[in-house]
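Contents: one structure, followed by commentary.
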Amino acid sequence: MVNDLINDMRMNDFDEASAPDCLGHTGAEMHFLRELVRAAQTLIAAFSREVGMTGARLAVLRALAVSASTPLGTMEIARRLAVNAAAVTRQLQAMEADGLVERVSDGRDGRRSAAVLTVAGREAFALVHERGHAFEERLAALVGADDMAVATSVLTRAREALETAR
């Protein structure tokens, strides 16, 4: 619903010249962050619709898949995704009910559990991963492979710079 509201704001129709004075716009602003957020929301929403899985579930699925079969606790997943642990708990419960995740006891603390993908979960991730590459190829055909490569490079450098600055 939030994505629908954001996308319905018709930000593309926004005229910088009519920006409220409180924004202090001169018309020469880069708006990198605004475009980054809007692009991410649009891409995740489109890919989520294509694979029939929410962005939140995709993120948890990927976190578990790349953990090299090492069980991850709720707090560790939340830290890696920079999200609230309660949101991770809800995703894990739903994914467990769907047979994608199983809980295993934490070897260091028997009161805690960790999650690991089941065979069905690993198969689901493999399919999503494959469909992700196909999605990127279709997108590259629309915007140009060279432009996608440049965008990927810029975003990678920006992410690495921010991670290093922490």
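The values are calculated or read from the model by the stated rules, or taken from the named source; none is laboratory data. As the structure is a prediction and not an experimental result, all values here were calculated from the model. Using ideal geometry, Cβ is built from the backbone for each residue, glycine included, and neighbour counts are taken over all protein chains shown.
The table for this structure:
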| quantity | calculated |
| --- | --- |
| Ala115 in a helix (DSSP H, G or I), farther than 28 Å from Ala134 by Cα and out of contact with any Phe, Trp or Tyr (no Cβ under 6 Å at 6 or more places or on another chain) | no |
| Residues of the stretch 71-113 that turn out to be surrounded by fewer than 17 Cβ atoms within 10 Å (Cβ to Cβ), among the hydrophobic types (A, V, I, L, M, F, W, C) and touching a residue at least 24 places away in the same chain (Cβ under 8 Å), as a count | 4 |
| Selection status of Thr118, at pLDDT below 95 and among the β-branched types (Val, Ile, Thr) | no |
| Candidates Glu130, Glu137, Glu163, filtered to the one that is exposed (fewer than 10 other Cβ atoms within 10 Å of the Cβ) and under 19 Å from the mean Cα position of the chain (by Cα) | Glu163 |
| Inter-residue pairs, beta-carbon under 6 Å, first closer than 15 Å to Leu36 by Cα and in the stretch 141-155, second part of a helix (DSSP H, G or I) and not basic (Lys, Arg), 6+ apart | Met148/Ala140 |
